[in-house]
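Novice: Have a look at this one.
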Amino acid sequence: MEVNGNAGEEDGYGAARLFNQGFSYTYDDIICLPRYIDFPADAVDLSSQLTRNIRVAAPCLSSPMDTVTESSMAVAMARAGGIGFIHYNSSPAEQASLVRAAKSASLEVGSTPSLGKDGRVLVGAAIGTREADKERLKLLVEAGVDVVILDSSQGDSIYQREMLGYAKKWFPEVDVIAGNVVTMQQARNLIEAGADALRVGMGSGSICTTQEVCAVGRGQATAVYKTSSIARKFGIPVIADGGISNSGHIVKALTLGASTVMMGSFLAGTEEAPGDYFDRDGQRLKVYRGMGSLEAMAKGSDARYLGEKAKMKIAQGVSGTVADKGSVLRLIPYTMQAVKQGFQDLGVKSVKEAHKALYDGHIRLEVRSGAAQVEGGVHGLVSYEKKRF
């Protein structure tokens, strides 16, 4: 029996309509409407393009932050099917050594890791846009790095374009991820400059204060959709960087056009993250800090914010602590299974299929009121414990 609603009625909005009303939306501001299911969750394939030439089995990346990714995290992320990007808040030689250590890691029998062209675990690294970073890039390539990120909080600059051109000229075998960007024009500029992928996000990270300090940025859901709508026309993948605090955010990022998601706080506090655990008030903690924090800038990350020559350092991030999350090798598989269930509810079997449904208008979205957001989370309890596994 065919069921018709009243004339003019419809469920939700298509993305093109929702994101062209002058509002800047975060992941929590929107909700995806469910669609017909005719397959099990395990039929979902989450493999996706990281860059123009590199594919990963799981669409998850660890951020190049000095409290998130060094060799242990890079190895664990590759073993889980993703990839880790080693930070550059160290000397070029030290960073190259971390890449070598990760590339030399053994492969576990029965795992499905992300592998590079050399048959070893896939490893990425970040560099800046200063003249000295040209030598850093050379050392990283010699160490076997598979892909590099040009790490800038605002990537649409002459400095990034020049470094992008240099990298593509002298090391054409290495894919280069450019960013960060949040607008369609920024995305187009870096794509035309030769970027193999775009990193999207500005001020959306849990420890980032760019939007507060500099009054620039964009809600992450809007940023991902807008940049992806341009990048797809050139076949360039988008990395949703920042604002990920649960599996639902990953589902939304991928559904809105991103091919992968980059995580910082989500992975901070795991066994593989740099730093030692310490106890405070009965909690097992690790330090987690933004690369725009004064503590990180004191070690050299101020170049990321184009402030290495400034007489006064302006922090665009904070330093804090996060709770122990266990091992990445448990956290990522658990999270990816949750993402598969989200895709099942949306009636899509892959990231590519999700993107097609988005641009065809089949993915329907609504904006959630404040009360709807409260209702959609745990509520009405005196206390509760949320266990992942």
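Novice: Among the GluC sites (Glu not before Pro) within region 351-389, which fall in a DSSP loop and have no more than 13 other Cβ atoms within 10 Å of their own Cβ?
Specialist: Numbers: sites: Glu353, Glu366, Glu375, Glu385; in loops: Glu385.
Counting only loop positions with at most 13 other Cβ atoms within 10 Å, the GluC sites (Glu not before Pro) in region 351-389 are Glu385.
Novice: Sequence gap at least 6, Cα distance under 8 Å: using those rules, report the relative contact order of the chain to the nearest whole percent. Before the final figure, lay out the partial values.
Specialist: Details: 847 pairs, mean separation 86.7, N = 389.
Computed over the chain, the figure is 22 percent.
Novice: Quick check: pseudo-label points 7 Å beyond the Cα along Cα→Cβ at Ser24 and Gln341, how many nm apart are they?
Specialist: Once both label points are built, they end up 3.4 nm from each other.
Novice: Between Lys117 and Glu142, what is 0.36 nm times their sequence separation minus the Cα-Cα distance? Round to one decimal in nm. Could you put the intermediate results ahead of the total?
Specialist: Numbers: separation 25, 0.36 × 25 = 9.00 nm, distance 1.44 nm.
That pair, Lys117 and Glu142, stretches by 7.6 nm at full extension.
Novice: Could you work out [θ]222 nm for the chain from helices alone, using -39500 (n - 2.57) per DSSP H run of at least four and dividing by all its residues? Round to the nearest 500 deg cm²/dmol.
Specialist: It comes out at -9000 deg cm²/dmol, rounded to the nearest 500.
Novice: While we're looking at this one, here's another question. Cut-off is 10 Å between beta-carbons; in what order do Tyr225, Tyr25 appear when sorted fewest neighbours first? Walk me through the numbers on the way to the answer.
Specialist: Details: Tyr225 27, Tyr25 23.
So the residues, fewest neighbours to most, are Tyr25, Tyr225.
Novice: So what's the chain giving for Rg/Rh, alpha carbon basis, Kirkwood Rh from the mean inverse pair distance? Present the calculation step by step, with values, prior to reporting the outcome.
Specialist: Working: Rg = 20.4 Å, Rh = 21.3 Å.
That ratio equals 0.96.
Novice: Looking at the P(r) of region 81-128, how many percent of alpha-carbon pairs lie beyond 12 Å? Write out the running numbers ahead of the final one.
Specialist: Values: 709 of 1128 pairs.
Looking at region 81-128, the distances longer than 12 Å represent 63 percent of pairs.
Novice: Another question, if that's okay. Under 13 Å Cα to Cα from Lys103, which aspartates and glutamates show up? Leave out anything in the same chain fewer than 8 places away.
Specialist: Within the straight-line limit of under 13 Å, Lys103 reaches these aspartates and glutamates: Glu70, Asp118, Glu142, Asp146.
Novice: Take the alpha carbon atoms of region 357-387, find their center, do the same for region 237-289, and report the distance between the two centers in whole angstrom.
Specialist: 20
Novice: Ok, one more. Hey, what D do you get for region 5-109 in µm²/s if you plug the Kirkwood alpha-carbon radius into Stokes-Einstein at 10 °C and 1.306 mPa s? Don't skip to the end; give the middle numbers.
Specialist: Numbers: Rh = 17.8 Å.
For these conditions, the coefficient is 89 µm²/s.
Novice: In square nanometres, what is the average projected area of the Cα convex hull of region 163-280? Write out the running numbers ahead of the final one.
Specialist: Values: hull surface 37.4 nm².
With the hull built on Cα positions only, its mean projection is 9.4 nm².
Novice: Would you mind estimating how fast region 92-164 diffuses translationally, via Stokes-Einstein at 25 °C and 0.890 mPa s with the Kirkwood radius over Cα pairs, in µm²/s? Write out the running numbers ahead of the final one.
Specialist: Details: Rh = 13.3 Å.
Estimated via Stokes-Einstein, D reaches 185 µm²/s.
Read-outs: derived from the displayed coordinates by stated rules, not from any lab. Since we're looking at a predicted model, the values are computed, not measured. Cβ atoms come from the backbone with ideal geometry, glycine included; neighbour counts cover every protein chain shown.
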